[in-house]
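> This is the structure I have questions about; it appears just below.
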Amino acid sequence: RLFGKSDPVSIVVKLKNINKLTYKLFRVDTATYYKTKLQPLDEKIDLDGLSPEETYEISFQGKFLKQTVHKQRLDFPTIQNIPQGLFIIELQGDSISSRMIVQKGVLQLIPVDHFMGIGYYMVDEEKKICKSEGTGLYLDKKFYPSREDGCLLFPFASEAVNNKEVVLVHSGYAYLST
């Protein structure tokens, strides 16, 4: 699920015959993942050996009748306080487990005409130009930093970004763009 920078992050799950629900929150290092995999994150990613950022437990022992479906709201204030990031939430109840991916924020490239070549501005979901140290993109495993004004400039003779998978990076967050 996609959430905006300031959106409250909560999910509602339907439960039946679960005595205890454990849910774990994992934060994905998006820059490393996208640079090495160049593919979208899948819920089936191997989490063995990783430590969750947070773990919660809710006991339902004796609270609900057997065979009764009930809804439970789960809030994630830690995610809500982070403007951009990619998270995996793993739910485990008795012998059943499920996962979901939570994405906070989006980055995209906006093409602009430039007399020196092909220009792009990286913007966030609020259409604000991303410009800070470390902002840029990875194209064919090479990093291209943005200029001070936020423009990513490619000379006319160079490889264009169009129709290629690129990893956009801003403030420690990376986003795979195709």
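> From the set of residues in segment 50-67 that are open to solvent by 70 Å² or more (accessible area, probe 1.4 Å) and under 30 Å from Thr178 (Cβ atoms), which is nearest to the chain's Cα centre (by Cα)?
Among those residues, the one meeting the criterion is Glu53.
> Further, regarding this structure: Where in segment 102-142 are there strands (runs of 3 or more DSSP E), lying fully within it, with 2 or more residues that are surrounded by 17 or more Cβ atoms within 10 Å (Cβ to Cβ) and of a type outside the set (A, V, I, L, M, F, W, C)?
In segment 102-142, 117-124, 136-139 are the strands (runs of 3 or more DSSP E) which contain 2 or more residues that are surrounded by 17 or more Cβ atoms within 10 Å (Cβ to Cβ) and of a type outside the set (A, V, I, L, M, F, W, C).
> I'd like to check something: does segment 153-167 contain any residue that is touching a helix residue (DSSP H, G or I) at 6+ places or on another chain (Cβ under 6 Å) and either open to solvent by 70 Å² or more (accessible area, probe 1.4 Å) or not small (Gly, Ala, Ser) (or both)?
yes
> Name the pairs whose Cβ atoms lie under 7 Å apart, with the first residue in segment 26-45 and closer than 16 Å to Val102 by Cα, the second among the charged types (D, E, K, R) and exposed (fewer than 14 other Cβ atoms within 10 Å of the Cβ), and 6 or more positions between them or separate chains?
Sorted first by the residue in segment 26-45, then by its partner, the pairs are Phe26/Glu53; Arg27/Glu53.
> Sticking with this structure for a sec: Quick one: Pro145 ticks every box in (1) under 25 Å from Ser6 (Cβ atoms); (2) modelled with pLDDT of 90 or more; (3) open to solvent by 20 Å² or more (accessible area, probe 1.4 Å) bar one, so which box is it?
Here Pro145 clears every test but (1).
> Additional query: May I ask you to list the residues in segment 6-31 that are open to solvent by less than 70 Å² (accessible area, probe 1.4 Å), under 27 Å from Ser171 (Cβ atoms) and out of contact with any strand residue (DSSP E or B) (no Cβ under 7 Å at 6 or more places or on another chain)?
Listed by number, the list holds a single entry, Asp7.
The values are calculated or read from the model by the stated rules, or taken from the named source; none is laboratory data. Not measured: the values here are computed from a predicted model. Note that we place each Cβ from the backbone using ideal geometry, even for glycine, and neighbour counts take in every protein chain shown. For the accessible areas, the whole protein counts, side chains as well, though only heavy atoms, and no ligand, DNA or RNA atoms are used. Shrake-Rupley method; radii C 1.70, N 1.55, O 1.52, S 1.80 Å.
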